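Data block below; observations after.
The values are calculated or read from the model by the stated rules, or taken from the named source; none is laboratory data. Because the structure is a prediction, the values reported are computed rather than measured. Here Cβ is always computed from backbone atoms with ideal geometry, including for glycine, and neighbour counts include all displayed protein chains. We work out accessible area using only protein heavy atoms, side chains counted, and drop any ligands, DNA or RNA first. Shrake-Rupley method; radii C 1.70, N 1.55, O 1.52, S 1.80 Å.
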Amino acid sequence: MTAIRLGPDVPGIWRGCLAWTQVGDAWQPWRLPPDRIHTAHAPDLVARARMAAGVRATVRTDATALELRVIALDDEMAPVDVVVDGALWRREPLAAGASTIRVTLPPGTKVVEVWLPQYGEAQIGPLVLHGAATADVTDGGGVRWVTYGSSITQCRTAFGPSETWPAQVARRLGWDLTCLGFSGECHLDPVAARAIAATRANLISLCLGINVYGRGSFGPRTLAGQVSGFIETVRDAHPGVPIVVISPITSPSRERLPNAATMTLEDVRGAVADAVAALRHGGEARLHLVDGPSVLGPDDAHLLPDGLHPNAAGYRLMAERLAPLLADHGRATDA
């Protein structure tokens with residue numbers, strides 16, 4: 001048996017990425033379209049879009065070992081997770097520069113997932129399977145789920161890339177995840193709305209508001225309208241697909257503190273809810289609101305070490321609470 005090499009040019013193996021570009025003998029993942037992202041006029045969004053949150057290779061194989069060359073472009077990097085038959089098998093830390101991960105696998109045929117780091121820019125070589133006679137594409141799960149949000153969706157402080165709250169929900173429910181969480185960069189950008197519109201989905205979730213509060217991106221006059229417009233762009237491309245909007249989780253010091261646009265976090269949460277209510281009143285029956293503090297509320301503030309971002313245990317609790325709510329809306333139908 002010879003080694004089997006699976007690059008992003010092999011259909012069906014690498015998932016959760018909107019595009020790949022080749023850089024020498026490596027590939028660069030993109031979670032927004034690289035040919036359109038310049039229209040955002042946001043260098044930090046470009047950097048976050050090059051981070052591989054939710055991007056993974058999934059293959060059914062009898063391989064005895066795997067290796068993956070990773071070029072880490074940032075000093076601070078999340079690890080690579082290797083998951084075998086749904087359970088974490090190995091967690092491989094990364095340092096800046098090029099390195100090759102080598103992992104011995106258990107015997108027999110199994111489903112292997114290799115989750116790329118959710119934080120830090122990285123380029124990769126092909127996934128190499130050693131001692132393998134087979135390397136088959138799996139079915140990918142019944143529900144294609146796209147989720148958009150901020151750092152609280154990208155989940156920098158999760159234990160590893162397979163334990164962000166979106167990854168945990170997707171793994172628990174058997175869903176095919178595309179994670180568009182951009183730390184500090186969830187500002188209802190049209191490029192993000194168009195990317196979601198162009199991505200096949202059976203369920204879409206949008207975690208909106210915390211970055212808008214932090215930067216004062218929109219104010220009392222503009223925020224609800226911007227939320228509505230973003231949702232309508234997505235809806236026009238996905239008629240009939242359930243859309244779940246999640247308002248900001250609790251942040252005790254920000255709840256009643258006005259930002260640069262004169263809005264408290266309570267005001268932002270209310271504007272998001274108002275936008276959803278207005279659209280539902282206009283006939284959007286498959287649009288749903290999840291109140292953020294029902295996911296992580298004041299009683300869970302001990303899980304927010306900086307008063308804003310959940311720790312790893314907080315992301316686990318978010319997954320536990322969101323999985324059944326999202327499952328109620330997930331549909332395994334062709335979009």
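Take every DSSP beta bridge whose two residues both sit in the chain; close to 70 percent of them are antiparallel. Computed on the stretch 1-85, the Cα convex hull volume stands at 123 Å³ per residue. Taken about its Cα centre, the stretch 206-335 carries a charge dipole of about 160 debye when Lys and Arg each add +1 at the Cβ and Asp and Glu each add -1 at the Cβ.
Gain on full extension, evaluated as 0.36 nm per residue between E255 and T109 minus their Cα-Cα distance, stands at 47.5 nm.
Surface calculation, 1.4 Å probe, protein heavy atoms: S247 sits at approximately 10 Å² accessible.
With θ taken as phi - 60° and the Karplus curve 6.51 cos²θ - 1.76 cosθ + 1.60 applied, the whole-hertz 3J(HN,Hα) list for the stretch 123-139 is 10, 10, x, x, 6, 10, 9, 9, x, 10, 8, 10, 8, 9, 6, 8, 6 Hz, x standing for glycine and proline. Net charge near A52: determine it from the other residues with C-beta under 9 Å of the C-beta of A52, scoring Lys and Arg +1 and Asp and Glu -1. Once positives and negatives cancel, what remains is +2. The slack between A47 and T64, meaning 0.36 nm per residue of separation minus the straight C-alpha distance, is 2.6 nm. Please work out the C-alpha center-to-center distance from the stretch 214-271 to the stretch 294-331 and express it in whole Å. About 18 Å separates the Cα centre of the stretch 214-271 from the one of the stretch 294-331. How would the stretch 239-335 be classified by its alpha-carbon gyration tensor: rounded, prolate or oblate, with rounded meaning a/c under 1.5 and the a/b versus b/c comparison settling the rest? Oblate is the answer for the stretch 239-335, as a/c is 1.5 or above yet b/c matches or exceeds a/b.
Within the stretch 1-62, none of the chymotrypsin sites (Phe, Trp or Tyr not before Pro) combine a DSSP coil assignment with at most 15 other C-beta atoms in a 10 angstrom radius. Compactness check for the stretch 63-158: Cα Rg over 2.2 N^0.38 Å is 1.16. For T109, the accessible surface of its heavy atoms amounts to roughly 90 Å² (probe 1.4 Å, protein chains only, rounded to the nearest 10). Dipole orientation for the chain: of the candidates G314, S205, P220, S205 has the Cα lying most toward the positive pole (charges on Cβ; Lys, Arg +1; Asp, Glu -1). Within the full protein context, the accessible area of V112 is estimated at about 0 Å² for a probe radius of 1.4 Å.
These residues, R254, R269, go from largest to smallest accessible area, 1.4 Å probe, as R254, R269.
Per-residue Karplus couplings for the stretch 66-77, computed as 6.51 cos²θ - 1.76 cosθ + 1.60 with θ equal to phi - 60°, are listed in order as 9, 9, 8, 7, 10, 10, 8, 9, 10, 6, 9, 10 Hz, Gly and Pro entered as x. Only Lys, Arg, Asp and Glu carry charge here, each on its Cβ (+1 for the first two, -1 for the last two); on that basis the chain has a dipole of about 280 debye about its Cα centre.
Rounded to the nearest 10 degrees, the inclination of helix 223-237 to the longest alpha-carbon principal axis of the chain is 50 degrees.
Heavy-atom accessible area with a 1.4 Å probe sorts S99, S162, largest first, into S99, S162. Taking the Cα centre of the stretch 131-236 as reference, the dipole from Cβ charges on Lys and Arg (+1) and Asp and Glu (-1) amounts to some 240 debye.
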